[in-house]
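Novice: Take this structure, written in structure tokens, and hold onto it; I'll ask about it next.
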Amino acid sequence: MKTEARKVALMLPGGGARGAYQVGVIQAIMEMMPEGFQFNIINGTSAGAINAVVMASHAKNQKHGAARLNHFWSNIHCADVYRTDARQVYKTMARVLGSLLFGRFGVKPPKSLLDNSPLAKLLKRELHLAHIQPAIDAGALHGLSITASSYDTAIAKCFYQAHESAIPWHRTRRVGLHEDITVEHIMASTALPFLFPAQLIGNEYYGDGGLRMTAPLSPAIHLGADRILVIGTRDESPIEIPQEPGEYPSMGELGGYMLDTLFMDTMMADLSRLRRINRTLEIMNEEQRNQGHLRVVQTLVVKPSVDVREITKAHAPAIPGPVKTLLKMIGGWGKDWRMPSYLLFEPSYTKALIELGYQDAMNQSDEIKAFLSSQ
């Protein structure tokens, strides 16, 4: 297969524990598409970065990659991602209170509310990063990109490992850097602000890739995609307007809103922008398109058919007690269930999301197959 023909991209935005939904969609796609189908360009951010790396490392057999993802997410626990022991969680809570009361005496707040060092150990044990470059060399994969945000330079950096034809890019507040993907890149991309500590790469500290990425689709486009399948982690159904004032939003609720914005709002805005550009290109002749160095990029979005927060509510008791206490302390427990939906890394919850993703994709199978099969 020639490099020029590799134009189908898989875009996996973040979502914390909601990333399990993407696994169900991917598994359904691998079942419905003919033997030999593969995503040649794979892009991930935050939890989506983990899923992206697994699929890229199994680019020669992405059906097997989907099976590995299913096993990974079906057996994960909160303790595999962040420390849930009472001593660690209560120590963090004590430091938060201590910094508020005795900050003037040098008591510093914790670096984050949760310690995600277990995740680094899990990724080093489970991922096969050494398989990525051979897949690129063999022509099974054109490129993989992982996005993280630099706290020091306020720039979204897209680290990519790709075919030699891929060219680094530099745009306002976002750049593309050619580097071999490591666990450190993934940890940086998954470093949710306030919840998980920043990751040091070189001389810069990095946080979640969605913080500064104003154009989430751009890495796939820069790597040459002309079709992008996006697997979201939030439904887009309208929320009922309150008929009377409710309680003032807590810190936990505000944090949940921030995560919603971080993971999906910029993605949906970028999709709208891309569709407007496509409509403009459709009324231009070929010469005008060539002068502008623009091309039509088709997109398809698969997203939850139901509000994931309702599933969270049903499985929330599975979250470890100390973490539940911490969430209650910051007002992130109950009411809208947004923040727990990102932190509930427990099999009962992740399996429910995998099943939802699988069914949603199967219900959309005709549209997905037509999109991925089009030339």
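The values are calculated or read from the model by the stated rules, or taken from the named source; none is laboratory data. Given the structure is predicted, the values throughout are model-derived calculations rather than measurements. Reconstructed Cβ throughout: ideal geometry from the backbone, glycine too, with neighbour counts over all protein chains shown. Surface accessibility is based on the protein's heavy atoms, side chains included, excluding ligands, DNA and RNA. Shrake-Rupley method; radii C 1.70, N 1.55, O 1.52, S 1.80 Å.
Novice: Residue under question is ALA361, and the condition is that it be aliphatic (A, V, I, L, M), open to solvent by 50 Å² or more (accessible area, probe 1.4 Å), modelled with pLDDT of 90 or more and in a helix (DSSP H, G or I); does it hold?
Specialist: When the stated conditions are applied, ALA361 does not pass them.
Novice: Any residue at all in region 141-156 that's open to solvent by 40 Å² or more (accessible area, probe 1.4 Å) and farther than 26 Å from THR266 by Cβ?
Specialist: no
Novice: Residues that are open to solvent by 30 Å² or more (accessible area, probe 1.4 Å), touching a residue at least 12 places away in the same chain (Cβ under 8 Å) and more than 30 Å from GLU355 (Cα to Cα): does region 253-261 have at least one?
Specialist: No: zero hits.
Novice: Name every residue in region 22-76 that is touching a residue at least 24 places away in the same chain (Cβ under 8 Å), over 23 Å from SER373 (Cβ atoms) and either among the β-branched types (Val, Ile, Thr) or open to solvent by 20 Å² or more (accessible area, probe 1.4 Å) (or both), in order of residue number.
Specialist: Within region 22-76, THR45, ILE50, VAL53, VAL54, ASN70, PHE72, ASN75, ILE76 meet the criteria.
Novice: Follow-up question, since we're still on this one. When you look at LYS369, is it in contact with a Ser or Thr (Cβ under 9 Å, 6 or more places away or on another chain) and open to solvent by 60 Å² or more (accessible area, probe 1.4 Å), yes or no?
Specialist: Judged against the criteria, LYS369 is not a match.
Novice: Separate question: Within the set of pairs 6+ apart or on separate chains, which have a first residue in region 293-311 that is of a type in the set (Lys, Arg), a second that is open to solvent by 30 Å² or more (accessible area, probe 1.4 Å), and C-beta atoms under 6 Å apart?
Specialist: Close Cβ pairs satisfying both conditions: ARG309/TRP337.
Novice: Those residues that are touching a strand residue (DSSP E or B) at 6+ places or on another chain (Cβ under 8 Å) and either under 12 Å from ASN43 (Cβ atoms) or of a type outside the set (Asp, Glu) (or both), I need them from region 168-183; list them, please.
Specialist: Matches in region 168-183: PRO168, TRP169, HIS170, ARG173, ARG174, VAL175, GLY176, LEU177, HIS178, ILE181.
Novice: Any idea which residue in region 1-28 is modelled with the lowest pLDDT, counting only those that are over 25 Å from GLY255 (Cα atoms) and touching a strand residue (DSSP E or B) at 6+ places or on another chain (Cβ under 8 Å)?
Specialist: Among those residues, the one meeting the criterion is ARG6.
Novice: Within region 188-214, take every residue that is closer than 29 Å to ASP137 by Cβ and hydrophobic (A, V, I, L, M, F, W, C) and give me the one that is most open to solvent (accessible area, probe 1.4 Å).
Specialist: ILE201
Novice: Determine whether region 166-187 contains at least one residue that is aromatic (Phe, Trp, Tyr) and either buried (at least 18 other Cβ atoms within 10 Å of the Cβ) or under 24 Å from GLY357 (Cα atoms) (or both).
Specialist: Within region 166-187, none of the residues are aromatic (Phe, Trp, Tyr) and either buried (at least 18 other Cβ atoms within 10 Å of the Cβ) or under 24 Å from GLY357 (Cα atoms) (or both).
Novice: Moving to a separate point now. Being surrounded by 16 or more Cβ atoms within 10 Å (Cβ to Cβ), within 20 Å of ARG125 (Cβ to Cβ) and of a type in the set (A, V, I, L, M): is that true of ALA79 here?
Specialist: No.
Novice: Can you name every one of the helices (runs of 4 or more DSSP H) wholly within region 288-346 that holds 3 or more residues which are within 18 Å of the chain's Cα centre (by Cα) and more than 29 Å from ALA370 (Cβ to Cβ)?
Specialist: Output list reads 338-343.
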